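Q: Pasting a structure here, questions to come.
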Amino acid sequence: SLEVRGGARYSGELRFVDGVPLPDGQGCAEVSDVAGDDHPPSRIAGVDANSRFDGSPLGGDEEGFARQAGQAHGTDTARRAAERERLRGGLPANTRMYDGQWAVGEPQGEGMLEYTDGGRYEGTVHRGLRQGVGLMRWIDGREYRGQWVNDRAQGQGIAVTADGSMVVEGAFEHGAAAGRCVILYSCGDRYEGTVNGSLFEGDGVYRHANGDWYRGGWQQGKRHGTATYRYTEDSGAVCEYSGQWVDGQMEGHGSLRMMDSGETIEG
């Protein structure tokens, strides 16, 4: 085995560059002097009464360890995190172990990363960062499988919340759902449409498990603009409203049709 900077032990294939042995090929490096888990608590996604998609199923962890540590615990913690990253040479500061392909001393290709907070990533890496396609499992139960760019979920992917109550499939940007997505809820509800910053935004269809559905505009996670909403009243009567919405409420010009009788009310 080879001891690399920062006390990490490497076992695997080597390549000599100017007489210096460097990890190259297949190998495993494990850091024995990792610091404790100083991640701030993750924010878990949920749905409020307005069927808002509130928060990223990734929990906001995609900013990177050193930056998060600085925001949550002050500049001294950020400085120590940056120093650990510099010493380890090739492994990010929040990484406990990497097992996979190397290229001239750096993790490169297919591999597995284990993090100090218990998370685990399997997929392609570039210079020790998640890049390409891979599966990330957080210790709290969250999962993301899909494309990564510069250590963040970016591109097409599937994310699952910690409690399994929500599955998001579609476009991601900077670690959050953004663009066209399909969102499935454990209660049986389903949303298909566009999101921005993990909020419903633009055009989309929300189908409730009881058969009610809304098709039309959204703004900041609330029903807004022109839409059609079909719902069943407590009496069992099926109604369909077509018209304007403002901030989650029917407001403006519209028509209400009683589907059983065919009666229509304009207003």
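Q: For region 157-182 and region 198-238, write down the distance between their C-alpha centroids in whole Å.
A: A separation of 20 Å, based on Cα centres.
Q: Obtain the nm distance between the two label points defined at Arg15 and Arg207 by a simple spin-label model: each point lies 7 Å from its Cα along the Cα-to-C-beta direction.
A: Computed distance between label sites Arg15 and Arg207 equals 5.2 nm.
Q: For region 203-213, what does the Karplus curve 6.51 cos²θ - 1.76 cosθ + 1.60, with θ = phi - 60°, yield as ³J(HN,Hα) per residue in whole Hz, taken in order and with x for Gly and Pro?
A: 9, x, 10, 10, 10, 7, 4, 7, x, 5, 8
Q: Provide the net charge surrounding Gly123, with neighbours chosen by a C-beta distance below 14 Å and charges set as Lys +1, Arg +1, Asp -1, Glu -1. Each step should come with its number before you reach the end.
A: Details: positive: Arg120, Arg130, Arg137, Arg145, Arg152; negative: Asp99, Glu110, Glu114, Glu122, Glu143, Asp151.
Once all neighbours under 14 Å are counted, the net charge is -1.
Computed from the coordinates by the stated procedures, all read-outs in this text should not be read as laboratory data. Predicted model only: the values in this text are computed from it and were never measured. Please note: Cβ atoms are built from the backbone with ideal geometry, for glycine as well, and neighbour counts cover all protein chains shown.
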